[in-house]
1. What strands (runs of 3 or more DSSP E) completely inside region 1-98 contain at least 2 residues that are free of Cβ contacts under 8 Å to residues at least 40 places away in the same chain and of a type in the set (A, V, I, L, M)?
2. If residue 54 meets every condition in (1) surrounded by fewer than 15 Cβ atoms within 10 Å (Cβ to Cβ); (2) more than 12 Å from the chain's Cα centre (by Cα); (3) not hydroxyl-bearing (Ser, Thr, Tyr) apart from one, which number is that one?
3. Step by step: first the residues of region 106-127, then only those that are of a type in the set (Lys, Arg) and outside any helix (DSSP H, G or I), then the one that is farthest from the chain's Cα centre (by Cα). Which residue is that?
4. Among 86, 18, 96, 80, which is the only one that is within 16 Å of residue 111 (Cα to Cα) and surrounded by fewer than 16 Cβ atoms within 10 Å (Cβ to Cβ)?
5. How many residues, within region 28-44, are more than 24 Å from residue 85 (Cβ to Cβ) and touching a Leu at 6+ places or on another chain (Cβ under 7 Å)?
Amino acid sequence: MHPTIERMIEIVTSGDEGKIIEILADDVQFMPPTYYKTWTGAEPAAALLGHVGNVFENFKYRRIMGEGNDWALEFECKIGELDAVGVDLITLDDLGKIAKFEVVMRPYKSIGALRDAMNARVMKDARFLKFKDALQ
C-alpha cells in the first residue's frame, strides 16, 4: 500500500483532523457527495474533512483497492441513526500527496443528513467566512 494511503487511514481513524493537511497537495481538488462544486486547495479541503470526521460515527474502512497513484477506499459509517456506505476515490500526485479526493456515498437519505449536518457546522466555522460565496 502507498505510504500516503497508510497515513490517511491512520489520520482518519485517529480523528486528528489537524493532520490531514499534511498529506494534501496545495491545489487538491475535493469533491464531496453533498455539494456540486469542487473545492480547491488544501486549507478548505482539510477543514471540510475535519468536519466530516466529527459528523461520521463508527467510521471504518472496509476495503482498500488500488495501486500506484489511484486508490479506492470503501467505508461504512453512521450519520446520526442512519447507516451509510461510500468510497473515497483518491488520486495522488507525483510527490505522493493527495491531488484529487472524490467521495461517493449512498443511500440518498444519509447523504441528505450529512449535507444538513455539514451546513450547520460550516456556517458556524470562522475558517469558512472567506469561502462564503462558494457556499451559496
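1. Values: elements: 24-31, 57-67, 70-79, 82-92.
Filter on region 1-98 gives 70-79, 82-92.
2. Failing condition for residue 54: (2).
3. As a first pass, look at region 106-127 and keep what is of a type in the set (Lys, Arg): 106, 109, 115, 121, 124, 127.
Those still in the list that are outside any helix (DSSP H, G or I) too: 106, 124.
Working: 106: 15, 124: 19 Å.
Among them, the one singled out is 124.
4. One residue alone meets the criteria, 80.
5. First, pick out the residues of region 28-44 that are more than 24 Å from residue 85 (Cβ to Cβ): 40-44.
After this cut, where a residue has to be touching a Leu at 6+ places or on another chain (Cβ under 7 Å) as well, the list is 42.
Result for region 28-44: 1.
Here is a yes/no grid of residues against (1) closer than 25 Å to residue 18 by Cβ; (2) out of contact with any Ser or Thr (no Cβ under 7 Å at 6 or more places or on another chain); (3) at pLDDT below 95:
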position: 40; (1), (2), (3): yes, yes, yes
position: 51; (1), (2), (3): yes, yes, yes
position: 56; (1), (2), (3): yes, yes, yes
position: 63; (1), (2), (3): no, yes, no
position: 66; (1), (2), (3): no, yes, no
position: 114; (1), (2), (3): yes, no, yes
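The values are calculated or read from the model by the stated rules, or taken from the named source; none is laboratory data. Since the model is a prediction, treat every value here as computed from it, not as a measurement. Using ideal geometry, Cβ is built from the backbone for each residue, glycine included, and neighbour counts are taken over all protein chains shown.
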